[in-house]
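Have a look at the structure below, then the notes.
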């Protein structure tokens, strides 16, 4: 009797787990459908002048560590530069406008949901950017995720390249799998010394509880029209033919992944790096996965000396239900990220 209750309890727990996962997937898909449709959600674009922020940060420190005489000299010199700039602007031969660097940020989750904002930011900058002198910088952080989500995110970056604008991507932590799909589009790809890049591969993992259901006399009827409408399922009995077809689909997706990366990084030995492995920045540069070892902080500060920097942020108002959904999605993302880190045996300091 006790064995029956133990088995029944285990079956109940597993069934509830499956139902919770299915509900989360359905909820996530519904949220994605609402966010991904352009124009469905209202929002606005916020623009931050980074040069002013950097100057304000430096001034806060100067006011503390410089003596009064030195600080007064700096203020006087700054006022004089402003006067000189105004005179040049009114003269017949004004100084040419500085090039502009438009800074975007993409922090990817499993569904690449940040593409809902990225598409608006890209559309805005394409309307004003000068392809002859301006540049776009993407601060990218993502361990990858759903193929269609990251495919759409990569397409937004292709829009930048096709418009003739220079695209630079900086990776400080990770751009793996779908994240690297995006990064590969850059004219110039920078990464921190220990940033994780690569993982050019495809993975799918599907639980199957058919034997458990069968042991408890639970039948699952799966009706399809089309030989391969369903290949592998969670509840039904999987077949060798279904597994073979599923593997063929994975292989084809992997081939598309490698072809896309090769299209943008033509000098890359795709057969060498398209194995699903990942590398740190200092190793990735030798393989041609990145172009230079540099953090985004260094690059931004360098560019601020000669260009006007503008950070673009698309903002939307969210309801309580959407915030709860995003919190649930974030929790799922963290679980998947921890699984990815363990499965790739990423060392920890």
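Things worth noting here:
- Members of the range 172-200 found to be surrounded by fewer than 21 Cβ atoms within 10 Å (Cβ to Cβ) and not in a loop (DSSP other than H, G, I, E, B), listed by number: 172, 173, 188
- None of 218, 202, 209, 261 is in contact with a helix residue (DSSP H, G or I) (Cβ under 9 Å, 6 or more places away or on another chain), farther than 22 Å from residue 289 by Cβ and in contact (Cβ under 8 Å) with a residue 12 or more places away in the chain except 209.
- Within the range 106-138, being within 16 Å of residue 184 (Cα to Cα) and over 9 Å from the mean Cα position of the chain (by Cα) holds for 136, 137, 138.
Here is a yes/no grid of residues against (1) surrounded by fewer than 17 Cβ atoms within 10 Å (Cβ to Cβ); (2) modelled with pLDDT under 95; (3) closer than 23 Å to residue 160 by Cβ:
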{"residue": "222", "(1), (2), (3)": "yes, yes, no"}
{"residue": "231", "(1), (2), (3)": "no, yes, no"}
{"residue": "249", "(1), (2), (3)": "yes, yes, no"}
{"residue": "253", "(1), (2), (3)": "yes, yes, no"}
{"residue": "271", "(1), (2), (3)": "yes, yes, no"}
{"residue": "289", "(1), (2), (3)": "no, no, yes"}
{"residue": "299", "(1), (2), (3)": "no, no, yes"}
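- Flag for residue 169 being modelled with pLDDT under 95, within 30 Å of residue 141 (Cβ to Cβ), touching a helix residue (DSSP H, G or I) at 6+ places or on another chain (Cβ under 8 Å) and crowded, with 18+ Cβ neighbours inside 10 Å: no
- Residue 214 falls short on exactly one of the conditions (1) under 30 Å from residue 118 (Cβ atoms); (2) loosely packed, with under 15 Cβ neighbours inside 10 Å, and that condition is (1).
- Residue count for the range 76-127 under the criterion of being at pLDDT below 90 and in a helix (DSSP H, G or I): the result is 15.
The values are calculated or read from the model by the stated rules, or taken from the named source; none is laboratory data. Just so it is clear, the structure is predicted and the values come from calculations on it, not from any experiment. Cβ coordinates were reconstructed from backbone atoms using ideal geometry, including for glycine residues, and neighbour counts include every protein chain displayed.
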